[in-house]
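The block underneath contains the structure these notes are about, expressed in structure tokens.
The values are calculated or read from the model by the stated rules, or taken from the named source; none is laboratory data. Note that the structure is predicted; figures quoted are calculated from it, not measured. A quick note on method: Cβ atoms are made from the backbone with ideal geometry, for glycine too, and the neighbour counts reach across all protein chains shown. Accessible surface areas use protein heavy atoms only, side chains included; no ligands, DNA or RNA. Shrake-Rupley method; radii C 1.70, N 1.55, O 1.52, S 1.80 Å.
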Amino acid sequence: MGWEKTIKHLSTLALVDVDMSRVGSLARDLEKIVEMFNKIAELNIPEEVEPLYTTFFGEINVGEDNELESMGIGELDPSGKRLESGYLKSPKTL
Amino acid sequence: MTLPPQCTQLSSISIKTLRRRVEEDPDFLFKYIEEVYRVIEKYEERLRAYITLRPMSDVIREVENIVKRGKLGPLGGALVAVKDNISTRGIRTTCGSKMLEDYVPPYDATVVRKIKESGGIVIGKTNMDEFAMGSTTENSAFYPTLNPWDLSRVPGGSSGGSAVAVAACEATVALASDTGGSIRLPAAYTGTVGLKPTYGLVSRYGLVAYGSSLDQVGPIGRCVEDVAAVLDVISGHDPRDSTSLKVGVGGFEKYVVGSPLKKYRIVVIEEMVSEGVDEKILKTFNSVVDLLSKHDVTVEFRKMPLLHYSLPTYYIIAMAEASSNLARFDGLRYGIRSDVEGKLWVDVYRKIRLAGFGDEVKRRILLGTYVLSEGLYEGYYLKAAKVRRLIYQEFTKLFKDYDAAISPTSPTLPPRISEVITDPIKLYSLDIDTVPINLAGLPAISVPGGFIDGLPVGVQIFGPPLSEGSLLNIAKLIEGGGCG
Amino acid sequence: MDSEVLIGLEVHVQVTSLRTKLFCRCSSNYRGNPPNTNVCPVCLGLPGSLPVLNKKALEKAIAVALALNSRVSDKLVFVRKHYFYPDLPKNYQVSQYDRYGLTPIAIGGSVAVDVDGSSKVVRIRRINIEEDTGRIAYPEKSVLGSRYALVDYNRAGVALLEIVTEPDLRTPREARVFLEKLGSVLEHLEVADTSLEGAMRADANVSVAGGPRVEIKNIGSPKDLEKALNYEIARQLNIVKSGGTVERETRHWIKERGITVASRVKELEGEYRYFPDPDLPPIPIGRELVEAIAKSLPELPDQRARRIAREYGIGDYMASVLVLHKKLCDHFENASRVCGNPKLVSSILINEFLRWVDEAGVDVPSGITRLSTDRLCKLVQYFESGLVSIKLLKEYVRRAVLEDTSPEELLSKGLTTLGEESEIERVVEEVFRENPKAVADAIRDPKAVNFLVGQVMKKTRGRADPKLVNEIIRRRLAEYGVK
Ligand SMILES: [Zn+2]
């Protein structure tokens, strides 16, 4: 069924692996939820309606170009396993 | 104020009483703290409101330092339970997820900083649905939290831990977050008062994002007065949050009076009291409406058919934003760690995200990715954003005629453990009356309206942006009585 | 074949004139700092942190848009662009987008470039504001030899402008001059110091003979851009010539080896899931702000070229080359004022200085420290007083740029035009003795004199003034003729 293929694609995009032995029940769940989503397709919305991405209508905070104290990354690594001479260790990129 | 059996008289006092008693005798604070820890000692093992509870000795030491400096501030030493998606420096912040099981943030959320500066003491971090995705607190990666009124039932979610800690007198008040009802639903199910502020009134800096355009931090208390006191402290402009309103705030406590401060015109939206609402809940709700009418408040009915679309609109937007917000969890900088040597980054990321996220979180990330993907964006995400505009406009129109609206907080009584968790649609439907408020960025409060078969029933009052004062006043009319 | 080459550029410029990053107040000056020291919850993407726009970044972006004749949007809209990579702390980049009713900071625009004497206009498609990523290093020298990578987030969150052109460029040389001109505009605006390593990076889209578009990433300078394009165009032409088909792909420029190589990771084109960043609602851009910035724009390269051509009496082409490098042009104006002779100064800078700078692989600013105003003035002075010939002058510039040797030092080593006639006469005698046949030829045919002049110059290693040599030889020949 189509949903299993879609799940594979989404899983690649989102880097969220799916237990393939349970993909059937996941597919059923997602299908049900998307069916719920599809309800908005019924609505005919006039062209001129602008999408609303936020309900914040105040003046947006902006910052001045003045340095404040930085913190360094050490606090994130109490075990000392993540860092190597100040660099964060990462898996290979190639 | 009706309390569950876990509370004692001393452990259930209000912030105001605490502040007054401590001013008379600083030692009272230590007696109070010991009493709260006695309640915790006795009941926490069953209730499981907390993910991380600070040892009493730590709390006592902190209080001693505050007392030594002399000034306790408006919170007067209140023990504040903080939802575990709010960043606390030096105290692990798990978001109810394996992903962040050992994550100890290097910084305090703005709300936490404000609580501390106002004499509040963080007592612990509360249980929640993983990354706030859920309505029952059963989606916690660690354990479910139980409802103190009936241990076979859920406390609601996602802020179930915060609500239970307050309801069962394991804390004075709590901070929680509300994306689509996560404060109000558990408040309703636990007989507490929970307020979701106007979007932008309370800083989100340090709140781990779920749906950034919907999220707000708010207080849960045993009474309206306590909720107002905490809102006083946490609201206000924060230069670290671009979406923080520059409004003069504070003074919410003065709205907490037993008589109406104006001749309120209140509306009931018919769609919120018709389909799918439990008969018994409607009965309680109607009695609350009657009570308000006695206070010389006008209550009228209006239709808003657009609300039929609020659930899909809400979930499309929330999941889209969630899929983006949760991309950062890859185990590299913080959170669960994996050995990296000799491995390719993409394999490590997949492994971490497989192990770190629970099923509901994965579902929402996948669906959020789905509605944002090429070719589907217009039909789902963009369309939902347009429906959101219409819903917002409807509310704006509505509140030209009315000061506030009222509805049941939840269409049902608290479900039993495992009753809804297996059916996502059933689970999502618990939020039917709370999500429209977040879509429109409005303030809302849930206040106990009565009891059915020993279970609390919540009533939701919501209004136009920045109407928190009126909401607190109306909630107080419904609450009646004192505040411990 | 050149007419069939289409080149478009995506240029990323760090707004190095900002003190802090785009969305947090960490220092943006990460160069030379220990790894992961200019970082905070925001630029590390810690859970719960939120971005707050650096107001100055918006102002700088508007200035750039105006300078490139772009239309500035009436609102600033940020979007999230999603892809996973270890140098990207949030696994999305805050950027801008032009679909779904969203808008970049500026659309359209143009840059005029003079390439080897002919002018053309390169169209700008759009300008984005976005955040830079961290940097990845490797514990071993080679990427493949390393068992893991090392990430430094000091650069993460630094403000970038992405400037995208239409595919209007036709040759690698044009592309290079365009990038130099763009860099110069940014320098004149005081937006970026493009000479800093990594401050200006380009991705190039190239297609040859109607073939598919190939994207080359990771090009760090105008010079490398020219090289990379030369390599890539030759590579594609070779494929076409041998009957193959060029693949649509992304390739990386490997500077050290001078080649482009195919990326291993397949780009997920169109799968970035752009959507408006809910943490950064649109900021209205007032017309007053844009007008105020327009009014305060400094003199830009094109205006400056016209002015210096007029003011210093140098040719338009010379002026257009000078303004490709703000610091070079500053140097020119300064030196011309101090030492006079702007024609000579411009000729030294353009014909000699730039050549050696290029050869040595140093940047213009460090070249300028070697050929300082002082040294330039000395050279002008030596030349005008006849101490050095034009040929020697070139040698002086070469050694100043390549070896950092001062004119005084070279002069003291005797690298000078021979002024003493007796010395030249001595050499002429020598040459006459050694080349009797050439002397006889020269007596019969005055054109043959050149050979003798050449021999003298050779013996003096170019130090003699050829005019003087010529004169002395003719004098001696006249004497011979009498005999
Ligand atoms: Zn930072």
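Here the contact order of the stretch C:5-292, divided by its residue count and restricted to Cα pairs under 8 Å and six or more residues apart, works out to 25 percent. Under a 5 Å amide H cut-off, with hydrogens placed 1.01 Å from N, C:L53 pairs with A:G63 among residues at least 5 apart or on other chains.
Solvent-accessible area assigned to carbon and sulfur over the protein assembly as shown amounts to 50 percent, based on a 1.4 Å probe. In order along the stretch C:29-42, the phi-based Karplus estimate (6.51 cos²θ - 1.76 cosθ + 1.60, θ = phi - 60°) of 3J(HN,Hα) comes to 8, 8, 5, x, 8, x, x, 6, 10, 9, 9, 8, x, 6 Hz; Gly and Pro are listed as x. Surface burial for B against C, with a 1.4 Å probe and both sides summed, reaches about 3300 Å² of accessible area. Using the alpha-carbon centroid of each, what span in Å lies between the stretch C:337-383 and the stretch B:262-327? The stretch C:337-383 and the stretch B:262-327 have Cα centres spaced 77 Å from each other. For peptide B:105-112, the mean count of partner chain Cβ atoms within 10 Å of a residue's Cβ comes to 4. Applying 1/(1 + (r/R0)^6) with r as the Cβ-Cβ distance of B:H308 and C:K241 and R0 = 56 angstrom yields a FRET efficiency of 0.30.
Among the protein heavy atoms, those of B:T52 account for about 30 Å² of accessible surface (1.4 Å probe, every chain in place).
Volume per residue of the convex hull around the Cα atoms, evaluated for the stretch B:335-484, comes out as 192 Å³. Amide H contacts for B:G124 (H built 1.01 Å from N in the peptide plane; partners 5 or more residues away or on another chain; cut-off under 5 Å): B:R54, B:V82. Rounded to whole Å, give me the distance from the Cα center of the stretch A:54-78 to that of the stretch C:420-439. Value for the Cα centre distance between the two parts: 80 Å.
Here the spin labels are modelled as points 7 Å beyond Cα on the Cα-Cβ line, and at A:L43 and C:K459 they lie 9.9 nm apart. The simple Förster model, with R0 at 35 Å and r as the Cβ-Cβ distance, assigns B:D453 and A:S21 a FRET efficiency of 0.25. Take the accessible area of chain A alone and of chain C alone, subtract that of the pair, and you get about 3500 Å² summed over both chains, using a 1.4 Å probe.
Shape class of the stretch B:15-259 from the Cα gyration tensor (axes a ≥ b ≥ c, square roots of the eigenvalues): rounded, since a/c falls below 1.5.
Put B:F357, B:F30, B:F451 in order of accessible area, highest first, and with a 1.4 Å probe you get B:F451, B:F30, B:F357. Relative to the 2.2 N^0.38 Å rule of thumb, the stretch A:3-42 has a C-alpha radius of gyration ratio of 1.26. Spherically averaged projected area of the convex hull of Cα atoms, chain A: 13.9 nm². Isolated cysteines of chain C, defined as having no other cysteine beta carbon under 4.7 Å away, are C:C24, C:C26, C:C40, C:C43, C:C329. Buried accessible surface for the A/B pair, both sides summed and rounded to the nearest 100, is 5800 Å² with a 1.4 Å probe. Rounded, prolate or oblate: which fits the stretch C:5-292 when a ≥ b ≥ c are the square roots of the eigenvalues of the alpha-carbon gyration tensor, with rounded for a/c under 1.5 and prolate only if a/b beats b/c? Since a/c reaches 1.5 but b/c is at least a/b, the shape of the stretch C:5-292 is classed as oblate.
Using θ = phi - 60° in the Karplus curve 6.51 cos²θ - 1.76 cosθ + 1.60, the 3J(HN,Hα) couplings for the stretch B:412-417 round to 10, 6, x, x, 6, 3 Hz; x is entered for Gly and Pro. Here the stretch C:299-412 is treated as a sphere whose radius is the Kirkwood value from Cα pairs; by Stokes-Einstein at 10 °C and 1.306 mPa s it diffuses with a coefficient of 114 µm²/s. Panel note: the C-alpha atoms of the protein assembly as shown, placed on their principal axes, show extents of 141, 68, 56 Å (largest first). The mean sequence distance of close C-alpha pairs (under 8 Å, at least 6 residues apart), as a share of the length of the stretch C:421-478, puts its relative contact order at 40 percent. Between C:T369 and C:N450, the distance separating the two model label sites (each 7 Å from Cα on the Cα→Cβ line) works out to 4.5 nm. With label points built 7 Å along Cα→Cβ from the Cα atoms of C:E384 and C:R337, find their separation and express it in nm. In this crude spin-label approximation the distance works out to 1.7 nm. What accessible area, in Å² to the nearest ten, does a 1.4 Å probe give for C:D316? That residue has around 120 Å² of solvent-accessible surface.
The overall shape of the stretch B:162-277 is rounded: from the C-alpha gyration tensor, with semi-axes ordered a ≥ b ≥ c, the ratio a/c is less than 1.5. Ranked by the mean number of other Cβ atoms within 10 Å per residue, highest first, peptides B:75-85, C:51-61, B:273-283 order as B:75-85, C:51-61, B:273-283. Take B:K31: with every protein chain present and a 1.4 Å probe, its accessible area is about 110 Å².
Taking all protein chains into account, the per residue accessible area for the protein assembly as shown stands at 38 Å² (1.4 Å probe).
3J(HN,Hα) along the stretch B:264-270: 6, 10, 10, 10, 10, 8, 4 Hz, from the Karplus curve 6.51 cos²θ - 1.76 cosθ + 1.60 with θ = phi - 60°, whole Hz, x for Gly and Pro. Dimensions of the stretch C:421-478 based on its C-alpha atoms, expressed as ranges along the principal axes with the largest first, amount to 28, 20, 17 Å.
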